[in-house]
Each structure stands twice: as C-alpha cells, then as structure tokens.
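Each remark here refers to the structure printed beneath this line.
The values are calculated or read from the model by the stated rules, or taken from the named source; none is laboratory data. Given the structure is predicted, the values throughout are model-derived calculations rather than measurements. Please note: Cβ atoms are built from the backbone with ideal geometry, for glycine as well, and neighbour counts cover all protein chains shown. The protein model used for the area step is the full one, side chains on, heavy atoms only, and it has no ligands, DNA or RNA in it. Shrake-Rupley method; radii C 1.70, N 1.55, O 1.52, S 1.80 Å.
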Amino acid sequence: MSNYTWHKVFDSPEEAANEVPVRKLKELRIENISICFAHTAAGFFAVADACPHLGYSLSKGTTNYLNEVICPWHSYRFNLQNGRECEYKTRNATVYPVETRTDGIYIGIPAAT
C-alpha cells in the first residue's frame, strides 16, 4: 500500500469552489511539484500539471463533460479519475488523491521510500 504525505490546499470545499469554479483548473505547487487542480461536476481532482506528451501545462487547458482535462496544446484528453489518455496516443497522466475532510481539501503526494 502506498503512503502519502497529505497537504492541505484549501480550508473548505466552499473555498476550493470559490477559487476553482466548476469546469475550471488551477495550478498548485506542492513540494516542488506542479499540480493541475480540477473542479468538475464529479468533484475535485488533481493530476500532474505537465502533459505527458510534451510537458505543456494542463492547468491552462479545459475540462469536458466526460470528466477529462484537455491539454490546450495538442488537445490530448486525460481522465481525471485515473489519468488515462483517452486515445492511447501518449503516456497516462499522474493522478494524485484528493480528500475532502472536515477541516479542508487535501492532496496526497507519494511519500519518499
């Protein structure tokens, strides 16, 4: 089982929704890692910000009704729940777990082994 270091990124779901409205994205930095934080109708998600194709910032892209983030450079689409690139044209995106707790929204970063 993987261990994570959990980082609080918002004090409440309301704050997260105000900062990142539904269908919007925001780049966050945690432990020198750029993360694309997404808010969709399905909830909050976090994936590595660098597109696995050529490294462009996914947080500069958009989301769609399929719960995917779309890279603005070449329109590659990545599932926000599992990171899978929808057409198998490039590597999958790295997904980070997001937890809503009573005291805020947290993102898990894999602990160094």
Checklist line | In region 22-41, residue farthest from LYS60 (Cα to Cα) [restricted to those that are among the β-branched types (Val, Ile, Thr) and open to solvent by less than 30 Å² (accessible area, probe 1.4 Å)] | finding: ILE30
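Filtering region 73-95 down to residues that are without any contact (Cβ under 8 Å) to a residue 24 or more places away in the chain and over 15 Å from the mean Cα position of the chain (by Cα), which residue is surrounded by the most Cβ atoms within 10 Å (Cβ to Cβ)? It would help to see each step written out before you state the result.
Initial filter on region 73-95 (without any contact (Cβ under 8 Å) to a residue 24 or more places away in the chain): 73-75, 77, 79, 82, 84, 86-88.
Checking the rest, the ones that are also over 15 Å from the mean Cα position of the chain (by Cα) come to 73-75, 86-88.
Working: TRP73: 15, HIS74: 12, SER75: 10, CYS86: 13, GLU87: 9, TYR88: 8.
My answer is TRP73.
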